[in-house]
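The values are calculated or read from the model by the stated rules, or taken from the named source; none is laboratory data. Computed from a prediction, not measured in an experiment: that's the story for all the values here. Virtual Cβ from ideal backbone geometry, glycine too; neighbours counted across all protein chains shown. In case anyone asks, the SASA skips ligands and DNA or RNA and just uses the protein heavy atoms, side chains included. Shrake-Rupley method; radii C 1.70, N 1.55, O 1.52, S 1.80 Å.
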Amino acid sequence: MPDLVTPTPTVRVSFLQAMQEFLGEGRGTAEDNSMIGREFREYAAVWSTPDGFAAYVADLRAAAREETPRPNGFVPSTTLWYVDGEDYLGRLAIRHRLTPFLLEVGGHIGYDVRPSARRRGHATAMLAAALPVSRDLGIDPVLVTCDTDNVGSRKVIEANGGVLEDERNGKLRYWVPTSRS
């Protein structure tokens, strides 16, 4: 059964296969400002070696700590991977607080499911599993956004109790409760 876990070197082979799938759909380009795009630019050159991949995993884990240096405009974030054994299925990041940009466009939680694992309910399960983690971080409710034309993501957010607030800059903005009410 798939589960959200802290990034781990044990899924390296499957992770690299997933990244090739993302490349195949045009992700990882200089114009890709998503989590995956940024990580391609910063880490793809070292992912291929076990030591380089372990360093990447260590950097992801460190990003959750307040004291970790980060670029301007970035906040602490907890990255979790959705895995089934050693099979990497997807990832999400929980941003611990909102900047003005994240309030408008990015939200607290961003997620990706590898192309070959889509349309199986993984995104819905990932977001559901992330809500208690967000609550434990003191975030309630969380803001989750999606492109206005992303019907699949809209369904994921709404299935997890998301309430649409509005549309801004081509993004739908949903507030999702994390408390047990």
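Quick notes on this structure:
- Residue match in region 18-34 (condition: of a type in the set (Val, Ile, Thr) and open to solvent by 60 Å² or more (accessible area, probe 1.4 Å)): no
- The test for being over 26 Å from ASN169 (Cα atoms), buried (at least 16 other Cβ atoms within 10 Å of the Cβ) and either among the hydrophobic types (A, V, I, L, M, F, W, C) or within 17 Å of the chain's Cα centre (by Cα) (or both) holds for LEU80.
- Checking each residue in region 1-16 for being closer than 19 Å to ARG118 by Cα and without any contact (Cβ under 8 Å) to a residue 60 or more places away in the chain picks out only LEU16.
- The residues of region 132-146 that are part of a helix (DSSP H, G or I) and touching a strand residue (DSSP E or B) at 6+ places or on another chain (Cβ under 7 Å), listed by number, are VAL133, SER134.
- Of all residues in region 146-172, those that are over 20 Å from ARG114 (Cβ atoms) have Cβ atoms under 8 Å from Cβ atoms of residues that are at pLDDT 95 or above and part of a loop (DSSP other than H, G, I, E, B), 6 or more apart or on another chain, in GLY161/PRO177; GLU167/THR148; GLY170/THR148; LYS171/THR148; LEU172/THR148.
- Residues located in region 128-164, provided they are buried (at least 18 other Cβ atoms within 10 Å of the Cβ) and β-branched (Val, Ile, Thr): ILE139, VAL142, VAL144, THR145, VAL156, ILE157
- Residues of region 41-51 that are free of Cβ contacts under 8 Å to residues at least 24 places away in the same chain and surrounded by 15 or more Cβ atoms within 10 Å (Cβ to Cβ): TYR43 alone.
- Some residue of region 96-104 being open to solvent by 20 Å² or more (accessible area, probe 1.4 Å), touching a residue at least 60 places away in the same chain (Cβ under 8 Å), more than 21 Å from ALA18 (Cβ to Cβ) and of a type in the set (D, E, K, R): yes
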